[in-house]
Amino acid sequence: MEILRGISVAPGVAIGEAVVLEAEEYRIPFRTVVEGDVPAELECLDRAFSKSIEELKEQSAWLNTHLGRDAANVFEWHIGVLGDEQLRSGIESQIRERRASAAYAASTVMRNYQRRFMQMTDPLLVERIRDVQDIERRLLRCILGEGREDLRGLTQPVILVAHDLTPTQTAQLSETKVVGVVLDAGAATSHTAILLRSWGRPGVIGLNDVSTRVSGGDLLIIDGTNQLVVVNPSESTLREYRGRREAHVRLTGELDEMRGLPAVTRDGERVQLVSNIEFPYEVKVGASKGADGVGLYRTEFLYLRPEGAPSEEEQYEAYREAILGADGNSVTIRTFDLGADKYTQQRSYEQERNPMLGLRSIRYSLQNLDLFKVQLRAILRASVLGDVRLMFPLIVSLMEFRQAKMTLHDAMEDLEEAGAAWNRDLKVGIMLETPAAVVQVKEFCREVDFVSIGTNDLIQYLLAVDRSNERVSQYYTASNPALLRALRDVLRACGQANVDCSLCGEMAGQPLYTIFLLGIGLRCFSMAPANIPEVKKLIRLVSTTQAQRVARRALSFETERQVSNYLRDETRKLLPEDPI
Ligand code: PEP
Ligand code: MG
């Protein structure tokens, strides 16, 4: 038995035999055609282009209906590449001048196209190589007319193992028997990761060499909740995971019945469960899981695209979609949190020695005021469309918050001059995710309308552990007593100052911490929509006095192991069959 750790795309458990997808390459030998056949080859090429574009349009329309516009845009980009006149004439001139076959000409020109992307330093553009390979395969299939084996041919439930998946392969998954996916490659912002997240079944990516460690037919377990893949599990592990899978399926089913029920404790305390989203269409996913709105809209994903920063109008449209999708519920829009592990194309050339401590988040915004103001104007304009709140990321000092608010006032003045409307009661808050902000929480409470605790970064900075470095991942834990005390202090200070406080780090969606967080007074949990079911179930099983008792005891421990063991035991008492 072997356990591999990676990046999870969705929670839950999948168990199945592995199907290892070989990197299927078309090998096209150089073949010339006689002069008289050149028109036929050109015609064949023309048909292949039309067929490819037709297929892509169908796929894009399907994705637009089922997964939203961002997913569909992946294939719109493919259509754009096929519409590139230079690419097309490059292939045609190979046929005319070298008398190459259409397949050979298409393959060579597409390979050159790929090489251009390989030489780029921007990781986001390098990701596009997969798209270009995908386009090449499609074009070749249309030229060669071969009915290639695709994933739809699978006849039984399997776990798909691959080095990487092209967007086309990923988009096909919902029509196949694949129950989970594990990949060597994986970047949080790649198109494949975006599509996998929308697909929603367990998946772990970024495993480096899983496709060479695993052979077809090996038994695999994907533990999406804990970001693990177990290869050839022992009997007892398999038994345990079968139980966890059933529990997860049952919980998900139960939520369908519970969706309309409020998240309320046994003694009647109402708790708000809201979702974290990266794209506007996810608001609907959150609502389908019972979310009461959006606690964190990570708008930087709008900027992480090859075209560069979105215009004010494009942003306004995205915010509008999210706000209207929330149907009267509140939407907290965080201004772009760029830098650290989220670089725009333009900035990827400016490497930083220590990006987690570098020019990121609000610091970057305050050094790029024009870019910042464009976003602030778009958010302000959208603020009249519903219940909108505005939030600044990674605030360290009061000066930063004041500067950010001054920039917001500048944006308001721009709108005033233009005669545009905005909500004059707009609530403005901060992400509380640095130790400095924890220490000064009382001072912040005098100036902010609300606080949202970002434990993903707070753990990183409080414990001095890079949140994305797998070599130190064992030190990265929310059970650290220092973190628990920091959270208690923040909630206490906010309570005394009557300032709204939510928590939107991953911790909010981990059932292990639900009782503790309730016990220290948290009443608004913001998480990935898929995590809402279990958290809601736990909340409905516990009373506030019980939770306070558990929190007090958890706070009395000196080590993270004691904390984790204790919280696991307490959670199991309420959910005996649950995979905690
Ligand atoms: C956090 O830091 O906890 C958070 C929610 O923000 P992000 O994960 O986007 O940094
Ligand atoms: Mg953060």
Could you please let me know if residue 333 is touching an Asp or Glu at 6+ places or on another chain (Cβ under 6 Å) and either more than 16 Å from ligand 2 (Cβ to nearest atom) or not assigned by TED's automatic domain parsing to the domain that holds residue 459 (or both)? no
Residue, most open to solvent (accessible area, probe 1.4 Å), within the range 451-495, restricted to residues that are part of a helix (DSSP H, G or I), away from ligand 2 (no atom under 15 Å from the Cβ) and at pLDDT below 95: 471
Given 94, 156, which one is buried (at least 21 other Cβ atoms within 10 Å of the Cβ), on the phi < 0 side of the Ramachandran plot and of a type outside the set (A, V, I, L, M, F, W, C)? 94
Can you name the number of the only condition in (1) under 37 Å from the mean Cα position of the chain (by Cα); (2) surrounded by 13 or more Cβ atoms within 10 Å (Cβ to Cβ); (3) of a type in the set (S, T, N, Q) that residue 65 fails? (2)
Of the conditions (1) farther than 20 Å from residue 422 by Cα; (2) touching a Phe, Trp or Tyr at 6+ places or on another chain (Cβ under 6 Å); (3) not in a helix (DSSP H, G or I), residue 333 clears all except one; give me its number. (1)
Matching residues in the range 496-527 (within 14 Å of ligand 1 (Cβ to nearest atom) and assigned to a helix (DSSP H, G or I)) number 6
Check the range 338-349 and report whether any residue there is open to solvent by less than 30 Å² (accessible area, probe 1.4 Å), without any contact (Cβ under 8 Å) to a residue 24 or more places away in the chain and part of a loop (DSSP other than H, G, I, E, B). yes
Every residue in the range 103-123 that is open to solvent by less than 60 Å² (accessible area, probe 1.4 Å) and among the charged types (D, E, K, R), please. 122
Given the conditions (1) at negative phi; (2) crowded, with 18+ Cβ neighbours inside 10 Å; (3) out of contact with any Gly (no Cβ under 7 Å at 6 or more places or on another chain), every one holds for residue 205 apart from (3)
Could you say whether any residue in the range 68-83 is part of a loop (DSSP other than H, G, I, E, B), at pLDDT 90 or above and open to solvent by less than 80 Å² (accessible area, probe 1.4 Å)? yes
Report whether or not residue 447 is of a type in the set (D, E, K, R), exposed (fewer than 15 other Cβ atoms within 10 Å of the Cβ) and more than 14 Å from ligand 1 (Cβ to nearest atom). yes
Within the range 361-412, the count of residues that are hydrophobic (A, V, I, L, M, F, W, C), closer than 19 Å to residue 283 by Cβ and open to solvent by 10 Å² or more (accessible area, probe 1.4 Å) comes to 2
Please indicate, with yes or no, whether at least one residue in the range 124-132 is open to solvent by 40 Å² or more (accessible area, probe 1.4 Å), within 30 Å of residue 197 (Cβ to Cβ), in contact (Cβ under 8 Å) with a residue 60 or more places away in the chain and not assigned by TED's automatic domain parsing to the domain that holds residue 19. yes
Condition check: among the small types (Gly, Ala, Ser) and more than 27 Å from residue 333 (Cβ to Cβ). Does residue 268 satisfy that? yes
For residue 489, indicate whether it is within 24 Å of residue 394 (Cβ to Cβ) and more than 16 Å from ligand 1 (Cβ to nearest atom). yes
Please list, ordered by first then second residue, the pairs with beta carbon atoms under 7 Å, 6 or more apart or interchain, first in the range 354-368 and closer than 17 Å to residue 406 by Cα, second modelled with pLDDT under 95 and away from ligand 1 (no atom under 14 Å from the Cβ). 367/359
Against the definition (in contact with a Lys or Arg (Cβ under 7 Å, 6 or more places away or on another chain), modelled with pLDDT of 85 or more and not in a strand (DSSP E or B)), how does residue 262 come out, yes or no? yes
Any residue in the range 280-297 that's touching a residue at least 40 places away in the same chain (Cβ under 8 Å) and closer than 21 Å to residue 429 by Cβ: show its pairings with residues that are surrounded by fewer than 24 Cβ atoms within 10 Å (Cβ to Cβ) and among the charged types (D, E, K, R) at Cβ separation under 8 Å, as long as the two are six or more apart or on different chains. 280/321; 283/321; 293/387
Does residue 249 qualify as being surrounded by 19 or more Cβ atoms within 10 Å (Cβ to Cβ) and closer than 30 Å to residue 543 by Cβ? no
Taking the range 221-242 and keeping only residues that are open to solvent by 30 Å² or more (accessible area, probe 1.4 Å) and either within 24 Å of residue 506 (Cβ to Cβ) or among the hydrophobic types (A, V, I, L, M, F, W, C) (or both), one is left with 225, 226, 227, 240
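Select from the range 271-320 the residues that are outside any loop (DSSP other than H, G, I, E, B), within 20 Å of residue 340 (Cα to Cα) and either within 16 Å of ligand 2 (Cβ to nearest atom) or modelled with pLDDT of 95 or more (or both) and list them in ascending order.
Once the filter is applied, which keeps residues that are outside any loop (DSSP other than H, G, I, E, B), within 20 Å of residue 340 (Cα to Cα) and either within 16 Å of ligand 2 (Cβ to nearest atom) or modelled with pLDDT of 95 or more (or both), the range 271-320 yields 276, 277, 296, 297, 298, 299, 300, 301.
The values are calculated or read from the model by the stated rules, or taken from the named source; none is laboratory data. On a predicted model such as this, the values are computed, not experimentally measured, just so you know. Note that we place each Cβ from the backbone using ideal geometry, even for glycine, and neighbour counts take in every protein chain shown. These area figures cover heavy atoms from the full protein model, side chains too; ligands, DNA and RNA do not enter into them. Shrake-Rupley method; radii C 1.70, N 1.55, O 1.52, S 1.80 Å.
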